[in-house]
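Visitor: Have a look at this one.
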Amino acid sequence: MGEVAWLFPGQGSQFVGMGQDLVEAFPEAREVFHRADKILGFPLSHLMFEGPEEELTDTVNAQPAIFVHSAAVLAVLRSRKPTWHPRFVAGHSLGEYSALYAAGVFSFEDALRLVRERGRLMKLAGERQPGGMAAVLGLDMETVEDICARAEAEVGLPVRVANDNCPGQVVISGAVPALERAMSLAQEAKARKVVRLAVSIAAHSPLMAVVSDEFAAQVRATPMQPPRLPVVMNASARPAETVAEIRDLLIAQLTSPVRWTESVRYMLEQEVDTFYELGPKDVLIGLVKRIDRKTKRRALGTAEALEAALGTD
């Protein structure tokens, strides 16, 4: 029998109606949503359940919405299956905060406030240094890195790998002229598909550095405890053991790539063979399948999926 990892999704997994079925089915989830509304001082739950979509998709709202959804799923699991303990937790970008919360690094209130502030600052960075992101499919990581370096040299503006999601799926991020040049070079290199993402921020790129001092101050001011579970971090693709290391890696994550493929492979090397995704949608288990088809995978984002899982040992 192999080990289990819990995965937590990042921005892009939000949708209008998210979490409403959890609130109707589980008092533990209802309590999480109620606490979030109280902490934030506005009805985030109403925005999640009713929209409008453009407001929910706004970075400043999408990030806390996804965190709260993951925390609600976690609350149900912890209450109904207290003996379930994963060997590792990991999250994709924003999801790293959900993973750290699951590992007991910070309280729900402190995590939610930090996530909301992260969203606000990333939005501010997009206003100060407008940029964009694009998905490149069908090229290997080394080729995409070379393309970014060439585009950056030609245009004189930054464009970098933002997410190494799985073999053949890499997201790039940077200043629009450099991004567009990199997209052209990727097409010339026979990428299967190059898709501009509907965002006006350049996440996980040097353009985020315009807010990194403000963000670092927020991270350093947030109370944290040593993790009770190993958290595989995005910027290192390895578990962080101390609060100081966690703070440094969270700050680094703002401007450095999400090393998801490496993170999953690390967990596979530690004999993890089962991955549960705690949060809306099933993006991460889809990426895990692309990395290793032999894994067992399960999305726990809906009341129906949770009830099915809770009925097993």
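Visitor: Working only within the range 182-235, note down all residues that are at pLDDT below 95 and touching a helix residue (DSSP H, G or I) at 6+ places or on another chain (Cβ under 6 Å).
Guide: Start the filter on the range 182-235 by keeping residues that are at pLDDT below 95, which leaves 197-201.
Hits for the range 182-235 are SER200, ILE201.
Visitor: Just to check your reading of the model, which residue among PRO64, PRO43 is surrounded by 22 or more Cβ atoms within 10 Å (Cβ to Cβ) and either at pLDDT below 95 or in contact with a helix residue (DSSP H, G or I) (Cβ under 7 Å, 6 or more places away or on another chain) (or both)? Give the derivation first.
Guide: On the way: PRO43 fails: surrounded by 22 or more Cβ atoms within 10 Å (Cβ to Cβ).
Exactly one residue qualifies, and that residue is PRO64.
Visitor: I'd like the full set of residues that are hydroxyl-bearing (Ser, Thr, Tyr) and touching an Asp or Glu at 6+ places or on another chain (Cβ under 7 Å), limited to the range 269-299.
Guide: We begin by selecting, within the range 269-299, every residue hydroxyl-bearing (Ser, Thr, Tyr); these are 274, 276, 295.
Once the filter is applied, which keeps residues that are hydroxyl-bearing (Ser, Thr, Tyr) and touching an Asp or Glu at 6+ places or on another chain (Cβ under 7 Å), the range 269-299 yields only THR295.
Visitor: So ALA178 passes all but one of these: (1) outside any loop (DSSP other than H, G, I, E, B); (2) in contact with a Ser or Thr (Cβ under 6 Å, 6 or more places away or on another chain); (3) buried (at least 22 other Cβ atoms within 10 Å of the Cβ). Which condition number does it fail?
Guide: Going through the list (1) outside any loop (DSSP other than H, G, I, E, B); (2) in contact with a Ser or Thr (Cβ under 6 Å, 6 or more places away or on another chain); (3) buried (at least 22 other Cβ atoms within 10 Å of the Cβ), ALA178 breaks only (2).
Visitor: Please verify whether GLN11 is closer than 22 Å to ASP110 by Cα, crowded, with 16+ Cβ neighbours inside 10 Å and at pLDDT below 95, treating the condition exactly as stated. Talk me through it step by step, then tell me what you get.
Guide: On the way: closer than 22 Å to ASP110 by Cα: yes; crowded, with 16+ Cβ neighbours inside 10 Å: yes; at pLDDT below 95: yes.
Criteria met by GLN11.
Visitor: Consider ARG118 against the criteria (1) in the same structural domain as ALA191 (by TED's automatic domain parsing); (2) charged (D, E, K, R); (3) touching a Phe, Trp or Tyr at 6+ places or on another chain (Cβ under 8 Å): it satisfies all of them except one. Which criterion is unmet?
Guide: With (1) in the same structural domain as ALA191 (by TED's automatic domain parsing); (2) charged (D, E, K, R); (3) touching a Phe, Trp or Tyr at 6+ places or on another chain (Cβ under 8 Å) applied to ARG118, the lone miss is (1).
Visitor: Taking the condition assigned to a helix (DSSP H, G or I) and crowded, with 17+ Cβ neighbours inside 10 Å, does MET122 pass?
Guide: Numbers: assigned to a helix (DSSP H, G or I): yes; crowded, with 17+ Cβ neighbours inside 10 Å: yes.
Considered against the rule, which asks whether it is assigned to a helix (DSSP H, G or I) and crowded, with 17+ Cβ neighbours inside 10 Å, MET122 comes out as yes.
Visitor: Please work out if THR274 is among the hydroxyl-bearing types (Ser, Thr, Tyr), assigned to a strand (DSSP E or B) and either touching a residue at least 60 places away in the same chain (Cβ under 8 Å) or touching a strand residue (DSSP E or B) at 6+ places or on another chain (Cβ under 9 Å) (or both).
Guide: Values: among the hydroxyl-bearing types (Ser, Thr, Tyr): yes; assigned to a strand (DSSP E or B): yes; either touching a residue at least 60 places away in the same chain (Cβ under 8 Å) or touching a strand residue (DSSP E or B) at 6+ places or on another chain (Cβ under 9 Å) (or both): yes.
The answer is yes for THR274.
Visitor: Applying the selection to the range 94-109, what residues are of a type in the set (S, T, N, Q) and surrounded by fewer than 24 Cβ atoms within 10 Å (Cβ to Cβ)? Walk me through how you get there before you give the answer.
Guide: Within the range 94-109, the subset of a type in the set (S, T, N, Q) is 98, 107.
Of everything in the range 94-109, just one residue is of a type in the set (S, T, N, Q) and surrounded by fewer than 24 Cβ atoms within 10 Å (Cβ to Cβ), namely SER107.
The values are calculated or read from the model by the stated rules, or taken from the named source; none is laboratory data. No experiment lies behind these values; they were computed from the predicted model shown. Methodologically, a virtual Cβ is constructed for each residue, glycine included, from the backbone with ideal geometry; neighbour enumeration extends over all protein chains shown.
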